[in-house]
Structures are given as C-alpha cells and as structure tokens.
1. For labels at ARG54 and LYS84 in the simple 7 Å Cα→Cβ model, what's the distance in nm?
2. Work out how much length HIS44 to GLU76 would gain on full extension: take 0.36 nm times their residue separation and subtract the Cα-Cα distance, in nm to one decimal.
3. If a/c stays under 1.5 just call it rounded; otherwise compare a/b with b/c (prolate if a/b is bigger, oblate if not). Do that for region 47-98, with a ≥ b ≥ c from the square roots of the Cα gyration tensor eigenvalues.
4. Figure the gain on full extension for GLU66 and ARG94 (residue separation times 0.36 nm, minus the Cα-Cα span) and round it to one decimal in nm.
Amino acid sequence: MVGITTRSRCGSDLGSCPLAMDRPHSFKIGCSLFVLRAWRVRNHFKHSIELVDREGDIVDVLAAVEDFLLAQATYEAAKQRWPKERIRLSQQARILEDSTRRRGDR
C-alpha cells in the first residue's frame, strides 16, 4: 500500500522543507509536492471474528484484530448486527467465544 503525504517529517509544508528537497520518491502537481511512502500491510492477526455455518466451517472472516479487548468488542458488535448467525471469536486456532454456546459451556 502506498500513502501520499504533503507534509514532511518536521511538520512543515514540503515545498519549504529542506528535508523534502530532491527526494527520489516525490512528484509535483501544480504547487504541491507529494512524497510516496510505503506502509507495511499486516496479514496475520492474533484474533479473528468469523461467520460460521452449522458444521463449524468458516464462511467469512468478519474482522482480524491484534488487541483482545478490541476483538471482544468487535465480536459483541457482530453478534448484535447478525443475531441469527453463528459468530465465533478465535485466538489463532483456539476458539474463545461462540455465539451458539453459553459462557459456562466448553
């Protein structure tokens, strides 16, 4: 993924910033100087919220989240959004929550 920014590292406009002059990955449109930056895109996350069929097979991954509290909130929101569907919260291969099970069941 490539991002475009019009500000430099020092926070000033790139047109007047000495750090931005003669940058190899920059281009100019009109009076604006744009600098291309590459961001790393993550593919693997610790937690996933999944839509599951009756047999327990994953139909769709609704979300992939690194933080547990955010994953738990996303799971609760998915349960409210699709109350009739089976939603599952997993931590890699371990199933933490399943909308068809009650809290004490394992």
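1. Label at ARG54, label at LYS84, 1.4 nm between them.
2. Length gained between HIS44 and GLU76: 9.4 nm.
3. oblate
4. 8.6 nm
Quick note: the coordinates plus some simple rules give every number you see, no bench work behind them. Remember, predicted model here, so these are calculated numbers, not experimental data. Note: ideal-geometry Cβ built from the backbone for every residue, glycine included; neighbour counts use all protein chains shown.
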